[in-house]
Amino acid sequence: MRHLISAADLTKDDAVRILDTAEEMARVADRPIKKLPTLRGRTVVNLFFEDSTRTRISFEAAEKRLSADVINFSAKGSSVSKGESLKDTAQTLEAMGVDAVVIRHGASGAPFRLATSGWIDAAVVNAGDGTHQHPTQALLDAFTMRRRLVGRDAGLGQDLAGKRVTLVGDILHSRVARSNVDLLHTLGAEVTLVAPPTLLPVGVGSWPCEVSYDLDRVLPASDAVMMLRVQRERMNAAFFPTEREYSRRYGLDGERMARMPGHALVMHPGPMVRGMEITAEVADSERCTVVEQVANGVSIRMAVLYLLLGGQDQTAQQTAPAPA
Ligand code: CP
């Protein structure tokens, strides 16, 4: 693996390897000193052209736990506001000696362009591009599902075959939905999308999943239900759904959650809009994994960076955490 641009690029073996490596990395979080020397002397730049809380901070935490030198770049306050291009920005950073670029960009395809244009030699990791892909989010979601639905140790080497995952909400604008559909399909899960017709993309019929407009019918057959935020910032105001009508048909409240099997998870990639797609009662319930997903994101991002930068030329014994 040279870059991580899309969940669709991962084979089942690639994905399971990342999930298994993340289990090793998660053990580091249980240690008094949460650090490995794996990326000592390597430099990673976090290049964020769009706002982020979870992804930016968890990449930074992952890089620091692997002992990398970290450079944080935010487009706000940079020379991007003076018209500097992505190419010139990236080449400026690489001139300072960068081994990997973690990029979030509003334009779908920006990470692919950076990885394939020849502008830079560094490994590129997509931290979310437009409405296209967010592969590390899909990996951390799959990691959370595997831990909860298959088992933490029993899950090692396993995929998600036969698990039924429902994604609910603004599929049209969601890079999380696209990445999850790709990765969950690769891992053998059965995915159902539930959304208003206006928030489904043209061509969704060719995606490897089912589509439904009836959340109440789908919930009893779900092992995990992932609620998605309505991305108003990517919509024309004329197309905003009203909060009340949206919540009534597509929101998850306590009554709806009671329709789910007892073991089923409620997931959300964050940020949540409480009251719109999910009530506070559900968001704060024991079966909601939103905080666990954030914690798992650090382990997944450590695994991805380790496999991209540290894994090829160092043995697992030298770099991976010792078994607990
Ligand atoms: N899930 C996610 O990508 O959140 P942020 O936008 O806060 O990074």
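Could you work out the local net charge near Cys288, counting Lys and Arg as +1, Asp and Glu as -1, over the other residues with Cβ closer than 14 Å to its Cβ? Result for the local shell: -3.
Which of the GluC sites (Glu not before Pro) across region 175-252 are loop residues per DSSP, with 10 or fewer other Cβ within 10 Å? Don't skip to the answer; put the middle values down first.
Working: sites: Glu190, Glu210, Glu233, Glu243, Glu245; in loops: none.
For GluC sites (Glu not before Pro) across region 175-252 that sit outside H, G, I, E and B with at most 10 neighbouring Cβ atoms in 10 Å, the list is empty.
Counting other Cβ atoms within 10 Å as a rough exposure proxy, the listed residues Thr55, Thr242 run Thr242, Thr55 from fewest neighbours to most. In a solvent-free Debye calculation with one equal scatterer on each Cα, what is log10 I(q)/I(0) for region 135-290 at q = 0.13 Å⁻¹, listed in the order of the q values? The Debye formula, applied to the Cα set alone, gives -0.54. For Gly130, the residues whose modelled amide H falls within less than 5 Å of its own, excluding neighbours fewer than 5 places apart on the same chain, are His105, Gly106, Ala107, Ser108. Basic side chains Lys and Arg get +1 at the Cβ, acidic Asp and Glu get -1 at the Cβ, and with that the dipole of the chain about its Cα centre reaches some 360 debye.
Compared with the dominant Cα axis of the chain, that is its longest principal axis, helix 175-186 is turned about 90°. Here the Karplus curve 6.51 cos²θ - 1.76 cosθ + 1.60, taken at θ = phi - 60°, turns the phi angles of region 284-290 into couplings of 9, 7, 5, 8, 7, 9, 4 Hz, with x standing for Gly and Pro. Look at the alpha carbon pairs under 8 Å that are at least 6 residues apart: their mean separation over the length of the chain gives a relative contact order of 22 percent.
So which lysines pass the test for Lys163, namely a Cα distance under 29 Å, with those fewer than 8 places away in the same chain ruled out? List returned: Lys12. Between the helical axis of 54-65 and the longest alpha-carbon principal axis of the chain there is an angle of about 40 degrees.
No value in this document is a laboratory result; all are computed from the given coordinates. Keep in mind that what you see is a predicted model, and the values were worked out from it rather than measured. Cβ sites come from the backbone with ideal geometry, for glycine too, and all protein chains shown count toward neighbours.
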